[in-house]
Amino acid sequence: MQPRQGCFSLRSGVTQMEPKFCMTCGQGLEIRDIDGTMRAACPSCSFVHWGSYSVGVGALVVRDERILLVRRAQEPGKGYWTNPGGYIEQLEPIERTVEREVLEECGVAASVKSVVALRDQPRSIHNIYIAFEMEYVSGEPAPDNVEVDAAGFFTQQELETMNVAPFTRWLIDVAFHRRSQGLLTDLAPVVPLNGYGLFRV
C-alpha cells in the first residue's frame, strides 16, 4: 500500500522516512517521550510509530557438496553471486517466503529444514536477515532473468574465482561448517499456537 501524499517526511540528514500522520485514524502525529525514547505518537488514539524494520530471508541449499547461488541482475548487488532470498510479505510465514523466493528466482523447489544463521543490521531501516538450511526437492537452476541473470550449484573450489558477495561468503561458511543443526521447526508444540511459526533447538 502506498502512503498518501504528505504522510511521511524525511528526517534531516537521514534517508529514513518519518510518519507525519497516524496510520490508524489519520490524526497528525506528535513527538513525545514513550518509555524513555522520543517517538512519533498519535494524540487521539493508541498508535505509536515504534520504528522502521525489514526482515529478509535467505536459502542455503546444498546438493552433492554444491551450494545454490544466483547472480544479481539488479541493484543493490548487481553482478554479485548470492544465495537466493528476499523480504517477507506481511501475511506470509517466513518459511513460505524463503521457499517461494528460491522457486521464483531460479526454479528450484526446496523445503525448510532449520534456521542456521541470523544477521542483525541496525540502521535507518533496521534489518534482520534469517538464513535457512534448505532441503533440495527438485528442479535445475534457471534464472528468472529479472532479479537474477544466472544460477547454479557450485563447489567451494569453484566459488574461489567467482564474484561472491562478502555476506554470502559468510553464509557459505555457515552452510558447510555449521556447528549445530540450528533451530528446527517445532511441528508438535506442547501448547497449540495456531498462526505461529515456531523454531527451537
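The values are calculated or read from the model by the stated rules, or taken from the named source; none is laboratory data. Keep in mind that this is a model prediction, so the values were computed, not measured. All Cβ positions, even for glycine, are placed from backbone atoms using ideal geometry, and neighbour counts span all protein chains on display.
I need the full set of residues from the range 36-66 which are among the charged types (D, E, K, R) and closer than 17 Å to P84 by Cβ, in order please.
Residues of the range 36-66 among the charged types (D, E, K, R): 39, 63-66.
Once the filter is applied, which keeps residues that are among the charged types (D, E, K, R) and closer than 17 Å to P84 by Cβ, the range 36-66 yields R63, R66.
Restricted to the range 145-200, and to residues there that are farther than 23 Å from A109 by Cα, within 21 Å of the chain's Cα centre (by Cα) and not assigned by TED's automatic domain parsing to the domain that holds V108, the residue that is surrounded by the fewest Cβ atoms within 10 Å (Cβ to Cβ) is G195. Have a look at S52, S111 and point out the one that is hydroxyl-bearing (S, T, Y), modelled with pLDDT of 95 or more and either surrounded by 14 or more Cβ atoms within 10 Å (Cβ to Cβ) or under 26 Å from S180 (Cβ atoms) (or both). Exactly one of S52, S111 is hydroxyl-bearing (S, T, Y), modelled with pLDDT of 95 or more and either surrounded by 14 or more Cβ atoms within 10 Å (Cβ to Cβ) or under 26 Å from S180 (Cβ atoms) (or both), namely S111. The one condition from (1) part of a loop (DSSP other than H, G, I, E, B); (2) more than 14 Å from the chain's Cα centre (by Cα) that E89 does not meet is (2).
So, in the range 118-144, how many residues would count as being touching a residue at least 24 places away in the same chain (Cβ under 8 Å) and either surrounded by fewer than 19 Cβ atoms within 10 Å (Cβ to Cβ) or over 16 Å from the mean Cα position of the chain (by Cα) (or both)?
Residues flagged as touching a residue at least 24 places away in the same chain (Cβ under 8 Å) and either surrounded by fewer than 19 Cβ atoms within 10 Å (Cβ to Cβ) or over 16 Å from the mean Cα position of the chain (by Cα) (or both) within the range 118-144 amount to 17.
When the range 142-201 is filtered for residues that are out of contact with any Lys or Arg (no Cβ under 7 Å at 6 or more places or on another chain) and among the polar types (S, T, N, Q), the ones remaining, listed by number, are N145, Q156, Q157, T161, N163, T168, S180, Q181, T185, N194.
Could you list, in sequence order, the residues of the range 156-196 that are of a type in the set (K, R) and over 13 Å from I67 (Cβ atoms)?
Our first condition is that a residue be of a type in the set (K, R); within the range 156-196, this holds for 169, 178-179.
Passing the criteria: only R179.
The residue of the range 33-49 that is nearest to the chain's Cα centre (by Cα), among those that are surrounded by 12 or more Cβ atoms within 10 Å (Cβ to Cβ) and assigned to a strand (DSSP E or B), is H49. For the range 51-69, the condition of being over 30 Å from N145 (Cα atoms) and out of contact with any Phe, Trp or Tyr (no Cβ under 9 Å at 6 or more places or on another chain) holds for at least one residue.
Could you tell me whether the range 98-108 includes any residue that is buried (at least 18 other Cβ atoms within 10 Å of the Cβ) and assigned to a strand (DSSP E or B)? Among the residues of the range 98-108, not one is buried (at least 18 other Cβ atoms within 10 Å of the Cβ) and assigned to a strand (DSSP E or B), which makes the answer no.
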